[in-house]
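A short worksheet on the structure shown next.
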Amino acid sequence: MSLDAHLIETLWEAASYYNEPGFIENDPIQIPHSFTDARDIEIAGFFTALISWGQRKTIINSAKNLFLRMDNAPYDFIVNSSIDDQKSLIAFSHRTFNDFDLILLVNQLKRLLIEDKTLENVFFEGGKQIKTVEMSLVNFHKKLFSTTEPKCRTMKHIATPIKNSACKRLNMFLRWMVRPADGVDFGIWNTVNPSVLKMPLDTHVIRVTEELGIMSKLKSDWKGCVDLTRIFQEIHPEDPVFFDFALFGIGVNNRNIS
């Protein structure tokens with residue numbers, strides 16, 4: 001589907017308007033921005049994205065609480081924490097994500113990080129070039145749960161394209177890590193190019209996409225994610241998820257751009 005020139009111009013303007021450091025103030029991305037070490041940033045980004053559903057203020061408060069329990073040193077905590085250290089995580093919860101899920105993920109990530117050193121390597125197989133985000137998400141899910149029970153409850157919190165999930169939170173996390181450092185995103189992962197990223201689909205993005213006539217009846221699944229991304233790849237092939245700022249910002253602020 002091709003978009004008309006006026007709508008394309010409007011989307012560029014809206015994306016540029018929202019893609020600036022002021023966006024951070026009320027958004028969960030402020031949490032990884034509170035760290036300086038790249039290893040802490042990627043761990044903070046992962047867990048913050050993982051609990052990013054519900055009101056943004058609540059997400060931010062939950063993330064602050066989580067990293068306080070890790071002594072605000074998330075990488076060191078995950079790699080070096082003992083069973084006794086992990087008692088600090090007991091009673092943490094954010095909606096249906098609870099302390100069982102948190103402790104299980106901490107220990108699974110500990111296993112992977114000891115082997116691969118960074119979360120980027122965990123996602124992208126030790127620095128080897130991955131041609132698609134879909135492949136990296138599928139591989140990540142398999143590696144993360146390779147030593148757990150087949151029906152482990154925590155699996156539902158880590159999306160995978162195998163289940164036809166839109167993988168909204170993981171795609172948002174990858175956007176944070178991969179897109180160039182511009183005051184909002186970090187650009188600390190260079191294994192893959194921003195051109196391969198996929199649009200994070202949430203309720204705001206879906207609603208605005210349909211209201212603007214970009215897509216009709218957009219489903220929140222992997223196919224919908226790929227189809228919407230393909231439209232923006234035609235406009236900006238080097239960085240299609242740049243338009244995530246436009247759709248999300250318009251939706252959250254109910255901004256009329258017609």
Filter segment 36-61 for residues that are among the polar types (S, T, N, Q) and in contact with a helix residue (DSSP H, G or I) (Cβ under 9 Å, 6 or more places away or on another chain); the one that is surrounded by the most Cβ atoms within 10 Å (Cβ to Cβ) is THR48
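Yes/no per residue for (1) within 22 Å of ALA14 (Cβ to Cβ); (2) at pLDDT below 95; (3) not aromatic (Phe, Trp, Tyr):
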{"residue": "THR160", "(1), (2), (3)": "no, no, yes"}
{"residue": "ASN164", "(1), (2), (3)": "no, no, yes"}
{"residue": "LEU170", "(1), (2), (3)": "no, no, yes"}
{"residue": "VAL184", "(1), (2), (3)": "yes, no, yes"}
{"residue": "MET199", "(1), (2), (3)": "yes, no, yes"}
{"residue": "THR209", "(1), (2), (3)": "yes, yes, yes"}
{"residue": "ASP221", "(1), (2), (3)": "no, no, yes"}
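Name the one entry in VAL184, VAL192 that is under 20 Å from SER52 (Cβ atoms), in contact with a helix residue (DSSP H, G or I) (Cβ under 7 Å, 6 or more places away or on another chain), assigned to a loop (DSSP other than H, G, I, E, B) and touching a residue at least 60 places away in the same chain (Cβ under 8 Å). Quick ask: steps written out before the conclusion?
Details: VAL192 fails: under 20 Å from SER52 (Cβ atoms).
Of the residues listed, the single one that is under 20 Å from SER52 (Cβ atoms), in contact with a helix residue (DSSP H, G or I) (Cβ under 7 Å, 6 or more places away or on another chain), assigned to a loop (DSSP other than H, G, I, E, B) and touching a residue at least 60 places away in the same chain (Cβ under 8 Å) is VAL184.
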By residue number, the members of segment 202-214 that are crowded, with 16+ Cβ neighbours inside 10 Å and under 20 Å from GLU234 (Cβ atoms) are VAL205, ILE206, VAL208, THR209, LEU212, ILE214
| Can you find a residue in segment 104-122 that is under 20 Å from GLY224 (Cβ atoms), crowded, with 17+ Cβ neighbours inside 10 Å and free of Cβ contacts under 8 Å to residues at least 60 places away in the same chain? | no
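Any idea which of LEU113, LEU68, LEU105, LEU109 is in a helix (DSSP H, G or I), farther than 21 Å from MET177 by Cα and either among the polar types (S, T, N, Q) or at pLDDT 95 or above (or both)?
Working: LEU113 fails: farther than 21 Å from MET177 by Cα; LEU105 fails: farther than 21 Å from MET177 by Cα; LEU109 fails: farther than 21 Å from MET177 by Cα.
Only one candidate qualifies: LEU68.
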Of (1) of a type in the set (D, E, K, R); (2) within 26 Å of VAL226 (Cα to Cα); (3) in contact with a strand residue (DSSP E or B) (Cβ under 7 Å, 6 or more places away or on another chain), LYS142 satisfies every one except (3)
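Filter segment 1-35 down to the residues that are surrounded by fewer than 13 Cβ atoms within 10 Å (Cβ to Cβ) and under 25 Å from GLU234 (Cβ atoms) and list them by number. Break it down into steps so the answer makes sense when it comes.
If we filter segment 1-35 for residues that are surrounded by fewer than 13 Cβ atoms within 10 Å (Cβ to Cβ), which is where we start, we get 1-2, 4-6, 9, 13, 16, 20-22, 25-26.
Within segment 1-35, MET1, SER2, ASP4, ALA5, HIS6, GLU9, GLU13, SER16, GLU20 qualify.
The values are calculated or read from the model by the stated rules, or taken from the named source; none is laboratory data. Quick caveat: nothing in here was measured; it's all calculated off a predicted structure. Don't worry about glycine lacking a Cβ; one is built from the backbone with ideal geometry, like all the others, and counts go over all protein chains shown.
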